[in-house]
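Worksheet: one structure, shown below.
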Amino acid sequence: MAGYLARRLLWAIPVVFGVTLITFLLMHFTAGNYVPGLELNPNLKPSDVERIRENLGLDRPLIVQYLDWVGVGSIIQAVGLAGLLGGSHNIQPGLLEGNFGRSLIDGTPVLRDIIERLPNTIELTLTAIFLGAAISIPVGVVSALRRGSRLDQTVTAASVGGFAVPQFWLGLLLILLFSVQFHAWGLPWLPSGGATSPLGGGDVVDRLEHLVMPALVLAFFYLSTWSRFVRSSMIETLSQDYVRTARAKGMTDRRTVYVHALRNAVAPLVTLVGLELPGLVSGALVVEVVFGWPGIGLLAFQRAIQTDYTMVMGITTFAAILVVAGNLLADVLYAVVDPRVRYA
Amino acid sequence: MIDSAQVATTQPPPLEAARARPGRGFWRQSWDELSANGAGLTAAGVLVFLILVAVTAPLTSHFVTHYVPTAQDLNDPFSKPSRIHWLGTDELGRDTFTRLVYGAQVTLGIGFLTVAIALTVGTAVALVAGYYGRLLDDVLMRVVDVVLAIPPVFLYILMSILFRPTAITLSVIIASVGWASLARLVRSEVLSLRTRDYMLATRSLGAGDLRLILRHLVPNALPLMIVAASLALAQVVLIEAALDFLGLGIQPPTASWGNMLSNAQVYFVHSTWLVVLPGTCIFITVLAANLFGNAIRDAFDPRLRGAA
């Protein structure tokens, strides 16, 4: 296990490196040397523009800019080889030193903005994952136990349909029903956007009211996949020899199903849930936009539209690192839950 | 792009099955299986109908609705469905029915083009990586890992800023992420096909790499590719609609179901149907594509054959 972990960690290094390279190149070709509003500002002389560019290091060769951003630049400088980088420009610490750069819009450190928004996104996705698992496991188990029944058929149809519902559309429909129509009908209604009410909000009830719709939309997405998965996994488990043995020994149905079979049937779900962990940050982007939920996805979306390239670049890299870490975690979790899995 | 859990790796039919039904080859058997699947046939029918709608959109616009999808009538915004405007009008008085019909062109055009690009690139990478193995395999699969590690939604955003989104660039953008999961899937199949006896036999007869790949690997991996492609279509339609909705895809005034929804969310308090209609179109298309994909998978998977 330890050896396997070490190898997986080693593999992760080139992957993360590749991610930073792709992100950087995409950003470079998207943005080039563009700084929003710089050329358009009538108060700046061309020489000022030139100086600002120089300060931002945009006049340097591409490879140097990349190394600086990753943080190799400042290491090279630290060991006294700055000459290699062709000049005396102002080298900032980079990704390796935990510096994701500064926003082009308001100059705040990218990492600070990310960390500020992170709890909101994690709150939303974890709630959705929890809701998804809490509903899909019983639904999957019951439809496996009553295979072919009307209930099973309904669940199957619903999950096939669930796959086809666009998240943003479901979000809009929920807002239409629970915010707009309920309000019009004089019923208690749910807020249509944000994480808290602008005035006097922020207590637990207020937060939950804002959380429920976006979390449901996200959970809905997991439900279709997971309930199908639990169902087929349970059907397979129930046909195993040890289940027959348990029954043959006179064990009650209830005990056989809920104590012996259930555990083994649900174990593989851990991998599926684990696969969603990387999506903790990015998976909710569309939902965050629809509900104005102030998470990382909404931040990335808004800043992308405002051409705040360093911010989008930082968020993408941050999310990608989480994906790599999350995949690793999913593998480890699976080995912990299912002892049959052994990594050589 | 596709959920690997959805696609079971297809094996060639076991010998017993072939013996039990003499005279019917794998493709014939799959076809029979498919044509016995009611839901799959219905889904295929819906897809064919949607394709027809998309192809004949200009005719519909000219002869049936008498509206151009971008023609505005500022005197008649948000009109309810009527004899003149079958499904009402939007905020600029544009005919919703005509726009929906044209939206089918965007959705299906981008859907099929994206799947075609992703499948071509993904399969090519998978064949090269899986067949030659060793260093080439390691390098190519690491590239796949990298692409899959970046959350796709950020890649879409970055690239939509980079390229002005048109139907073609949008297909390339979505395919540039989608090829990776297809490559991973097809490669695993190639790895197992590579070691089959017929490969060794053909090689010992003097066949070259190219012949082995094109004449022996590709045809045997084809069922898996078809299954993966048909399930990928549904995913692409959803992704494309979401990008249009976010304003990162097809730009107005060109009508697409996604950007119609984007407009509608501003006015949906008083014009509910503007939200309901395009969403329903997306839902039906994705549902049909998924059901068809499932039917194809069931038809090609011999392990499911006769289980019904």
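State the Cα centre-to-centre distance between the range B:237-267 and the range A:194-266 in whole Å.
One Cα centre to the other: 34 Å.
Contact order normalised by length for the range A:181-295, with contacts defined as Cα pairs under 8 Å and 6 or more residues apart; what percent is it?
Details: 68 pairs, mean separation 37.8, N = 115.
Dividing the mean separation by the residue count of the range A:181-295 yields 33 percent.
Taking a virtual spin label 7 Å from the Cα of B:LEU92 along the C-beta vector, which residues in the range B:59-73 bring their backbone nitrogen under 17 Å of it?
Once the point is set 7 Å along Cα→Cβ of B:LEU92, B:67-73 turn out to lie under 17 Å by backbone N, inside the range B:59-73.
Could you state the per residue volume, in Å³, of the convex hull enclosing the Cα atoms of the protein assembly as shown?
226 Å³
Hey, what's the Cα Rg ratio for the range B:200-308 versus the globular rule of thumb, 2.2 N^0.38 Å?
1.64
Modelling each spin label as a point 7 Å along the Cα-to-Cβ direction, I'd like the A:ILE305/A:GLU123 distance in nm, to one decimal.
Taking the simple label geometry, A:ILE305 and A:GLU123 are separated by 2.3 nm.
What distance in nm separates the two pseudo spin-label positions at A:ALA248 and B:ASN75, each 7 Å out from Cα along the beta-carbon direction?
8.5 nm
Please work out the C-alpha center-to-center distance from the range B:43-119 to the range B:163-213 and express it in whole Å.
Taking the Cα centre of each part, the range B:43-119 and the range B:163-213 sit 36 Å apart.
Please state the relative contact order of chain B as a whole percent: Cα pairs under 8 Å, 6+ residues apart?
Relative contact order here is 27 percent.
Provide the descending list of Cα extents for chain A along its principal axes, expressed in whole angstroms.
86, 62, 33
Starting from the Cα of B:ALA124, step 7 Å toward the Cβ, then list every residue of the range B:174-193 with an amide N under 14 Å from that point.
B:176, B:179-180, B:183
Would you tell me the mean number of C-beta atoms belonging to other protein chains that fall within 10 Å of each C-beta in B:157-166, as a whole number? Before the final figure, lay out the partial values.
On the way: counts 11, 13, 3, 2, 9, 6, 2, 0, 0, 0.
Mean partner-chain Cβ count within 10 Å for B:157-166: 5.
Over all Cα pairs of the range B:151-242, how is the pair count split among 5 Å bins, expressed in % and running from 0 up to the last occupied bin?
With a bin width of 5 Å, the distribution comes to 2, 11, 19, 16, 13, 11, 10, 8, 5, 3, 0.
Which value in Å does the Kirkwood hydrodynamic radius of the range B:111-266 take, with 1/r averaged over all unlike C-alpha pairs and then inverted? List each step's numbers first, then the result.
Values: mean 1/r = 0.0591 Å⁻¹.
Taking every pair of different Cα atoms in the range B:111-266, averaging 1/r and inverting gives 16.9 Å.
Can you compute the modelled spin-label distance between B:VAL68 and A:LEU151, with each label point 7 Å from Cα toward Cβ, in nm?
In this crude spin-label approximation the distance works out to 5.9 nm.
What FRET efficiency comes out for B:LEU135 versus B:SER188 if R0 is 22 angstrom and r is the Cβ-Cβ distance? Round to the nearest 0.05.
E(calc), rounded to 0.05, equals 0.75.
Inside 10 Å of the C-beta atoms of A:269-275, what's the mean count of C-beta atoms belonging to other chains?
For this peptide, the per-residue mean of nearby foreign Cβ atoms is 1.
For q values of 0.13, 0.23 Å⁻¹, compute log₁₀ I(q)/I(0) with the Debye formula on a Cα-only model of the range A:218-337, without solvent.
So the normalised log intensities work out to -0.67, -1.21.
Rounded to the nearest whole Å³, what is the per residue volume of the convex hull around the Cα atoms of the range A:267-312?
Numbers: hull volume 3.2 nm³, N = 46.
Output value, Cα hull per residue: 70 Å³.
Can you tell me, using C-alpha contacts under 8 Å and at least 6 residues apart, the relative contact order of chain A as a whole percent?
Values: 386 pairs, mean separation 80.4, N = 344.
Computed value for chain A: 23 percent relative contact order.
What does the charge dipole of the protein assembly as shown about its Cα centre add up to, to the nearest 20 debye, if the Cβ of each Lys and Arg holds +1 and the Cβ of each Asp and Glu holds -1?
Numbers: 45 positive and 42 negative charges, 505 e Å.
The dipole magnitude comes to about 2420 debye.
Using modelled amide H (1.01 Å from N, peptide plane; none on Pro or chain starts), what sits under 5 Å from the amide H of A:ARG102, excluding residues fewer than 5 places away?
For A:ARG102, the qualifying residues are A:VAL110.
Based on the Cα atoms of the range A:84-236, what semi-axes does the equivalent ellipsoid have, where each is the square root of 5 times one gyration tensor eigenvalue, given in whole Å with the largest first?
Taking √(5λ) for each eigenvalue gives 41, 25, 13 Å, largest first.
Which value in Å is the Kirkwood Rh of the range B:122-178 over different Cα pairs?
12.5 Å
Tabulate in residue order the Karplus-calculated ³J(HN,Hα) for the range B:147-155, using 6.51 cos²θ - 1.76 cosθ + 1.60 with θ = phi - 60°, rounded to whole Hz; enter x for Gly and Pro.
After applying 6.51 cos²θ - 1.76 cosθ + 1.60, I find 4, 6, 7, 7, x, x, 4, 6, 4 Hz.
Going through the DSSP H helices of chain A, which span 24 Å or more along their own axis at the Cα atoms while scoring at least 1.6 as a mean Kyte-Doolittle hydropathy?
Working: long enough: A:2-31 (43 Å, 1.43); A:110-145 (50 Å, 1.28); A:204-238 (44 Å, 0.81); A:309-337 (41 Å, 1.81).
Helices passing the filter in chain A: A:309-337.
Choose one answer from B:GLY279, B:GLY178, B:GLY293: the residue with the largest mean-square fluctuation in a GNM of chain B with alpha-carbon springs under 10 Å.
In this elastic network of chain B, the residue with the biggest mean-square fluctuation among B:GLY279, B:GLY178, B:GLY293 is B:GLY279.
Determine the calculated [θ] at 222 nm for chain B from helices alone, applying -39500 (n - 2.57) to every DSSP H run no shorter than 4 residues and normalising by the residue count; nearest 500 deg cm²/dmol.
Numbers: 11 runs with 203 residues, N = 308.
Result for chain B: -22500 deg cm²/dmol, rounded to the nearest 500.
Could you order the peptides A:128-135, A:218-225 from most to least packed, using the average number of other C-beta atoms within 10 Å per residue?
A:218-225, A:128-135
Per residue of A:168-174, how many C-beta atoms from partner chains lie within 10 Å of its own C-beta, taken as a mean?
Across the residues of A:168-174, the mean count of other-chain Cβ atoms within 10 Å is 6.
May I ask you to work out the translational diffusion coefficient for chain B at 25 °C, viscosity 0.890 mPa s, via Stokes-Einstein with Rh from the Kirkwood sum over Cα pairs, reported in whole µm²/s? Numbers along the way, then the final one.
On the way: Rh = 21.4 Å.
In µm²/s, the coefficient is 115.
Values quoted throughout were computed directly from the atomic coordinates according to the rules given, and no laboratory measurement underlies them. What you are looking at is a predicted structure, and each value in this text was computed from that prediction instead of being measured. Don't worry about glycine lacking a Cβ; one is built from the backbone with ideal geometry, like all the others, and counts go over all protein chains shown.
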